[in-house]
Amino acid sequence: MTIHDREGTPVERKIIRFEHGSDSADKGEYRHFMLKEIYEQPRVIKATMEGRITDNRVLEQALGTDAANLLQDVNHVQIIACGTSYHAGMVARYWIEELAGVACSVEVASEFRYRKHVIQRDTLFLCISQSGETADTLAALRQAKQAGFRAALAICNVPGSSLVRESDLVIMTQAGPEIGVASTKAFTTQLTALLIFTLALARHNGLTEEREAEIVKAIHQLPGQVDQVLALDADIAEMSKAFMDKNHSLFLGRGSQFPVALEGALKLKEISYIHAEAYPAGELKHGPLALVDSEMPVVTVAPNNTLVEKLKSNLEEVRARGGELFVFADSAAGVKAEEGIHVMPLPSVHEITAPIVYTVPLQLLSYHVAVLKGTDVDQPRNLAKSVTVE
Ligand code: G6P
């Protein structure tokens, strides 16, 4: 192979060795890459936290030698991403504002790059991208560098990608190559990296050592909790039969579970081609309730948090209109299975890490619906893994 520059003159380029084992390009015992990648999550979440947290602290220097200097100046975080990575950014906004008390805005790159924006003082520009090659995200980053942000941080899964090369600070996710077009392990490792980043930022903004230790402990529990969810695979496959002949579905969540609902709906539409919409549960009464009838399955994520009672009254609104509910709930949340309410019991998890754990059953649900429908799970129609053109 020879490489030429623009003028056609042959040039030398350094050889970079592909370091992921050959098993990452092999489905192994799994029927699809997507299923294999869902099952890899306990391992890759662990790999993403490794070297970045101790038993009770975040190792700030592991985020880059300049991280401490930079983070103490940050006054505002502007997150930019597309698709699934955008949903990771939406979850991170809840964490950043709650734990660090730092204002955070999140926007899809294709919107951000084509509008005028007001840049607040000491804004950190944070791009999230699995591939590091998404055209809109890169264009937004290049604009931001001209516009005078404090610094650019990338959360990315591909070493040496354009995003990594062009950012000041980088936190690599350790998901390994993701082959399935529908993103799964890239998302949960992005969330893991974002939570670690949030704790580092929060430390400069009044987070107590006790609270940091409590959340770091919860991060350590993630691989085991995701394993517990994976053990529900057969039950979720059974549940998925109810979606096979449906044309529409609604996903509900509140607080940091709203982006989880968005991601669940995105997975279902990407691979099963069933129309799926996600709403913050409190918005139900402002429109989508009109759509609810027995033909509209309603999927809900219900960890046992401060919003669960409010969520339960939203579920009653659905039941009263004859909607069939599929609830992924902490058993302590008190959601009872009865006629028209199917409950999948999930492990009890810390409120902060719950979005990571509650994502996994929704991935499995979409996967099984798609398998039943016989779609091309790993390469859904009309979609591409990496969108490098506008
Ligand atoms: C495509 C993929 C999605 C992905 C999005 C953003 O649409 O199909 O799975 O979330 O691009 O990609 P990125 O590599 O920037 O995370």
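The values are calculated or read from the model by the stated rules, or taken from the named source; none is laboratory data. Every value quoted in this text rests on a predicted model; they were computed, and no experiment measured them. Ideal geometry is used to build each Cβ from the backbone, glycine not excepted, and the neighbour counts take in all protein chains shown. Remember, those area values only see protein heavy atoms, side chains included, never the ligands or the DNA or RNA. Shrake-Rupley method; radii C 1.70, N 1.55, O 1.52, S 1.80 Å.
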Identify the single condition in (1) open to solvent by less than 20 Å² (accessible area, probe 1.4 Å); (2) away from the ligand (no atom under 14 Å from the Cβ) that residue 157 does not satisfy, given that it satisfies every other one. (2)
Spot the failing condition for residue 86; the list is (1) more than 21 Å from the chain's Cα centre (by Cα); (2) under 26 Å from residue 306 (Cα atoms), and only one is missed. (1)
Number of the exception - residue 85 against (1) more than 16 Å from the ligand (Cβ to nearest atom); (2) among the polar types (S, T, N, Q); (3) within 30 Å of residue 182 (Cβ to Cβ): (1)
Could you check the range 351-386 and list, in sequence order, the residues that are of a type in the set (Phe, Trp, Tyr) and within 16 Å of the ligand (Cβ to nearest atom)? 367
Taking the conditions exactly as written (within 15 Å of residue 151 (Cα to Cα), touching a residue at least 24 places away in the same chain (Cβ under 8 Å) and either within 13 Å of the chain's Cα centre (by Cα) or not assigned by TED's automatic domain parsing to the domain that holds residue 261 (or both)), does residue 130 satisfy them or not? no
Against the definition (assigned to a helix (DSSP H, G or I) and either within 16 Å of the ligand (Cβ to nearest atom) or at pLDDT below 95 (or both)), how does residue 226 come out, yes or no? no
Filter the range 232-247 for residues that are open to solvent by 30 Å² or more (accessible area, probe 1.4 Å), among the hydrophobic types (A, V, I, L, M, F, W, C) and assigned to a loop (DSSP other than H, G, I, E, B) and give the result. 244
Subset of the range 285-330, residues modelled with pLDDT under 90 and open to solvent by less than 20 Å² (accessible area, probe 1.4 Å), comes to 288, 302, 303, 308, 311, 314, 315, 318, 323
So in the range 1-35, with the set limited to residues that are modelled with pLDDT under 90 and outside any loop (DSSP other than H, G, I, E, B), which one is surrounded by the fewest Cβ atoms within 10 Å (Cβ to Cβ)? 22
Return the residue satisfying two criteria in turn: it lies in the range 248-278 and is in a helix (DSSP H, G or I), more than 15 Å from the chain's Cα centre (by Cα) and within 17 Å of residue 295 (Cα to Cα), and of such residues it is nearest to the ligand (Cβ to nearest atom). 269
Scan (1) open to solvent by less than 20 Å² (accessible area, probe 1.4 Å); (2) more than 26 Å from residue 145 (Cβ to Cβ) for the single condition residue 85 breaks and write down its number. (2)
Looking only at residues in the range 55-74 that are within 25 Å of residue 210 (Cβ to Cβ) and in a loop (DSSP other than H, G, I, E, B), which one is nearest to the ligand (Cβ to nearest atom)? 74
